[in-house]
Amino acid sequence: MAKALPLDDYRALVGTEVGVSDWILVDQAKIDAFAEVTGDHQFIHVNPELAKQTPFGTTIAHGYLTLSLCSVFAYSAMPGIQGTKMGVNYGLNKVRFMAPVKSGSKVRGRFTLADVTQRPDGAWQTTTNVMVEIDGETKPALAAEWITLQYL
């Protein structure tokens, strides 16, 4: 995780880009492992021979695999709030899968802090805009509005 900031400093970052992660390789082994865990064995993900016949020309990662990498991206790129005892996913307001991630591609997350609000239960609700970029591509893989709860 990037360094932890005092709450007021963290809240002052609303509206700014707060981090860009390292690149992560999405290879066929990762795609196959995700297919095993989820039971989603659609040929476009797991059968390179059949996938060659599609407009993509190769297998592509599951959209939800790409989305699931956001947590890994965030650990390496996003600052935390000092004194946080626990953070949990609360949900997503929007997710759009904008371009396929072809097997062998590298992806990374780009984060913009959109909102930080204290809830009645004392938790801090953060809303972060996430863009997952594909190395060498102009169109991003996905865009999402991600909500987490931070317990201090």
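Read-outs: derived from the displayed coordinates by stated rules, not from any lab. Values in this document were obtained by computation on a predicted structure and should not be read as measured data. Cβ atoms come from the backbone with ideal geometry, glycine included; neighbour counts cover every protein chain shown.
Some observations on this one:
- Normalised contact order of the chain, rounded percent, pairs of Cα under 8 Å and 6 or more residues apart: 30 percent
- Net charge, Asn129 excluded, C-beta distance under 11 Å - Lys, Arg +1, Asp, Glu -1: -1
- Structure remark: mean-square fluctuation, Gaussian network model of the chain, C-alpha springs under 10 Å; the largest value among Met86, Met98, Met78 belongs to Met86.
- Spacing of the two label points (7 Å from each Cα toward its C-beta) at Leu149 and Gln53, in nm: 4.8 nm
- Taking Cβ atoms as reference points and 14 Å as the exclusive limit, the residues near Thr59 contribute a net charge of -1, counting Lys and Arg as +1 and Asp and Glu as -1.
- Here the spin labels are modelled as points 7 Å beyond Cα on the Cα-Cβ line, and at Val37 and Asp22 they lie 1.9 nm apart.
- Semi-axis lengths, largest first, of the ellipsoid equivalent to segment 1-55 are 40, 13, 11 Å, with √(5λ) applied to each eigenvalue of the Cα gyration tensor.
- Taking a Cβ cut-off of under 15 Å around Asp40, the surrounding Lys, Arg, Asp and Glu residues balance to a net charge of -1, with basic ones at +1 and acidic ones at -1.
- Residue order, fewest to most surrounding Cβ atoms within 10 angstrom, among Ser71, Ser103: Ser71, Ser103
- Taking all Cα pairs closer than 8 Å and separated by 6 or more residues, the relative contact order of segment 69-145 comes to 33 percent.
- R0 of 30 Å, Cβ-Cβ distance Glu137-Met86: FRET efficiency to nearest 0.05: 0.25
- Approximating the spin labels as points 7 Å out from Cα along Cα→Cβ, the Asp8-to-Lys106 distance works out to 4.0 nm.
- Backbone amide hydrogens, once placed in the peptide plane, bring Leu5 within less than 5 Å of Gly80, Ile81, Gln82, excluding anything fewer than 5 places away on its chain.
- Taking every Cα-Cα distance in the chain and sorting them into 10 Å bins starting at zero, the pair-distance distribution P(r) comes out as 11, 38, 29, 16, 5, 0 percent.
- Excluding exposed DSSP-loop trypsin sites (Lys or Arg not before Pro) (at most 10 other C-beta within 10 Å), longest clean stretch of the chain: 4-84
- Rounded tilt (10° steps) of 28-38 against the dominant C-alpha axis of the chain: 70 degrees
- Remark on Glu137: its backbone amide H falls under 5 Å from none of the residues 5 or more positions apart or on other chains, H modelled at 1.01 Å from N.
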